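The values are calculated or read from the model by the stated rules, or taken from the named source; none is laboratory data. Nothing here was measured: the structure is a model prediction, and the numbers come from that model. No Cβ is skipped: glycine too gets one built from the backbone with ideal geometry, and neighbour counts run over all protein chains shown. Ligands, DNA and RNA are excluded from the accessible area calculation, which covers all protein heavy atoms including side chains. Shrake-Rupley method; radii C 1.70, N 1.55, O 1.52, S 1.80 Å.
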Amino acid sequence: MRKILLLLLASIWVVLVFYFSSQPPDVSGRQSRVVYMILKRLDGVLDFTQTEWYRNLRSFLEKWWFPEKKPSGEDLVRKSAHFGLYFIMGIFSFFLSYSYIRKYVFSVLMGISLPTLIAVLDEYNQSFHGRGSSLYDVIIDMNGAMFGMALAFLVRIVVELSVKNSKGG
């Protein structure tokens, strides 16, 4: 049952990714602006953009994701969405492959390579919807998948060690 649920969740996530990439540029832009405006309102209440942690994170992401230009807030939201979507896909891919094969090396490779393949296809899909494709986006997607897979791997190891210790062995 767990395998089927993981397969279903991973499939739904891939459909969601392709849904977003199939949006025309104006719709995609509106979606980004809505999220950006929500974050601005949230910042008005929580004032998180004035923290050192936020400034350091933003500086790091600007250098990492935008080596050639100074990004707008909406640019950062768009790239963060890429990272986040593929972070979750990396988690799903790791756990899905581990549930079937039970080999860490295979699951780590699938946790990175499957989302990266989907990222390439996703960028290609955008060209059919009046949007450009970007190697930087694929790299950001791959990084999101790597971080998600790494988190899933660590969670799996911790759970396995916890179970082993609770059984006394």
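Things to note:
- Within the accessible area of the chain (1.4 Å probe), percent carbon and sulfur: 70 percent
- Within the chain, the longest run free of exposed loop sites, counting trypsin sites (Lys or Arg not before Pro) that sit outside DSSP helix and strand states (H, G, I, E, B) and have at most 15 other Cβ atoms within 10 Å, spans 1-68.
- Mean-square fluctuations from a GNM of the chain, with a 10 angstrom spring cutoff on Cα atoms, peak among 73, 144, 84 at 73.
- Principal semi-axes in Å for the stretch 43-133 [√(5λ), Cα gyration tensor, largest first]: 30, 20, 12
- Span-like helix criteria (full DSSP H runs; alpha carbon extent of at least 30 Å along the helix axis; mean Kyte-Doolittle hydropathy of at least -1.0) are satisfied in the chain by 25-46, 73-101, 104-126, 135-166.
- Lys pairs, the chain - Cα-Cα below 27 angstrom, 8 or more residues apart or on other chains: 12
- C-alpha center-to-center spacing [the stretch 1-60, the stretch 105-141] in angstrom: 16 Å
- Fully extended contour minus Cα-Cα distance, from residue 37 to residue 23, at 0.36 nm per residue: 3.1 nm
- Positive dipole terminus of the chain, leading residue within 128, 60, 154 (C-beta point charges): 154
- Solvent-accessible surface of the chain, taken per residue with a 1.4 Å probe and all protein chains present: 63 Å².
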